[in-house]
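Chemist: There's a structure below that I have some questions on.
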Amino acid sequence: MDKKGNQVMPFIGVIADEKSENFIRRQIVEKLKLRESSVLFIKEKSIENIKNIKFETIIIARKFKNMEILKKMLLNTNYLVINTDRIKCIEIFKEYNLKIFTFGFNSKAVVTASSVTEDGVLICVKKEIESINEKVIEPQEIKIRSSEDVESIMAVASTLLIYEVEM
């Protein structure tokens, strides 16, 4: 909400593999009831064109080479959702004034997959996290029926938890 009480549409930036982009956009747009233009994919070749956009959330689901511009973008970002399997050194992001949510298969990730079957994934939230509305999300397991790749499912689930929306 802005100062006048109007609903503000957040910009969400996504750094992901091309095969994951459509699933991530579709899920975030549908579940958060956003316009397609509110979810922007950050690419190495186009980052110069969007470096001044104020993103509410940036999702990093793959390695990214141009870290200097990304770091500048994070100065105006509130939430960072990051795959700790792809980006090992998240300490470099701790100096920024943003909330960091981690996902991945490793033991340090807050959101991980505890079980993967043909028809879906059991997502495990391993510790309390605070949502965008400062609501505490308790540790829990969430069954998600999808045939998409597990990393994309974890990225979307982590983002939707921040916004208090079920997948």
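The values are calculated or read from the model by the stated rules, or taken from the named source; none is laboratory data. Worth saying up front: this structure is predicted, and the values here are computed from it rather than measured. Quick reminder, even Gly has a Cβ in these numbers, built from the backbone with ideal geometry, and neighbours come from all protein chains shown. The protein model used for the area step is the full one, side chains on, heavy atoms only, and it has no ligands, DNA or RNA in it. Shrake-Rupley method; radii C 1.70, N 1.55, O 1.52, S 1.80 Å.
Chemist: Just give me the residues in region 64-85 being over 17 Å from residue 163 (Cβ atoms) and touching an Asp or Glu at 6+ places or on another chain (Cβ under 8 Å), in sequence order.
Modeler: 64, 65, 66, 69, 83, 85
Chemist: Is there a residue in region 90-109 that is on the phi > 0 side of the Ramachandran plot and surrounded by 16 or more Cβ atoms within 10 Å (Cβ to Cβ)?
Modeler: Yes: one or more hits.
Chemist: If you go through region 14-58, how many residues are of a type outside the set (Asp, Glu) and assigned to a loop (DSSP other than H, G, I, E, B)?
Modeler: Total meeting the criteria: 13.
Chemist: Residue 25 - would you say it is free of Cβ contacts under 8 Å to residues at least 40 places away in the same chain and either of a type in the set (D, E, K, R) or open to solvent by 30 Å² or more (accessible area, probe 1.4 Å) (or both)? Give the derivation first.
Modeler: Working: free of Cβ contacts under 8 Å to residues at least 40 places away in the same chain: yes; either of a type in the set (D, E, K, R) or open to solvent by 30 Å² or more (accessible area, probe 1.4 Å) (or both): yes.
In short, yes.
Chemist: Turning to a different aspect of this structure: Are any residues in region 110-121 among the small types (Gly, Ala, Ser) and surrounded by fewer than 16 Cβ atoms within 10 Å (Cβ to Cβ), and if so, which ones?
Modeler: 114, 115
Chemist: Being within 20 Å of residue 98 (Cα to Cα) and touching a helix residue (DSSP H, G or I) at 6+ places or on another chain (Cβ under 6 Å) is the filter; apply it to region 132-154 and report the residue that is modelled with the lowest pLDDT.
Modeler: 132
Chemist: Please go through region 59-87 and pick out each residue that is more than 18 Å from residue 21 (Cα to Cα) and either outside any loop (DSSP other than H, G, I, E, B) or open to solvent by less than 10 Å² (accessible area, probe 1.4 Å) (or both).
Modeler: Listed by number, the residues that qualify are 67, 68, 69, 70, 71, 72, 73, 74, 77, 79.
Chemist: Also: If I filter region 92-121 down to residues being outside any loop (DSSP other than H, G, I, E, B) and more than 17 Å from the chain's Cα centre (by Cα), which single residue comes out as farthest from residue 24 (Cα to Cα)?
Modeler: Kept after step one, since they are outside any loop (DSSP other than H, G, I, E, B), are these residues of region 92-121: 92-93, 99-103, 111-117, 120-121.
Still in the list and also more than 17 Å from the chain's Cα centre (by Cα): 92, 114-117, 120-121.
On the way: 92: 25, 114: 20, 115: 20, 116: 18, 117: 20, 120: 16, 121: 16 Å.
My answer is 92.
Chemist: Also: Considering region 122-163 alone, what residues qualify as being open to solvent by 40 Å² or more (accessible area, probe 1.4 Å), under 15 Å from residue 78 (Cβ atoms) and either among the hydrophobic types (A, V, I, L, M, F, W, C) or in a loop (DSSP other than H, G, I, E, B) (or both)?
Modeler: 132, 133, 134
Chemist: Cβ-Cβ below 7 Å, separation at least six or inter-chain, first residue in region 88-117 and over 24 Å from residue 134 (Cα atoms), second surrounded by fewer than 14 Cβ atoms within 10 Å (Cβ to Cβ): which pairs?
Modeler: 114/141
Chemist: If you take the residues in region 30-63 that are without any contact (Cβ under 8 Å) to a residue 60 or more places away in the chain and touching an Asp or Glu at 6+ places or on another chain (Cβ under 7 Å), which one is farthest from residue 96 (Cα to Cα)?
Modeler: Residue satisfying both the conditions and the ranking: 41.
Chemist: Would you tally the residues in region 11-66 being within 13 Å of the chain's Cα centre (by Cα) and not hydrophobic (A, V, I, L, M, F, W, C)?
Modeler: Looking only at that region, the number is 8.
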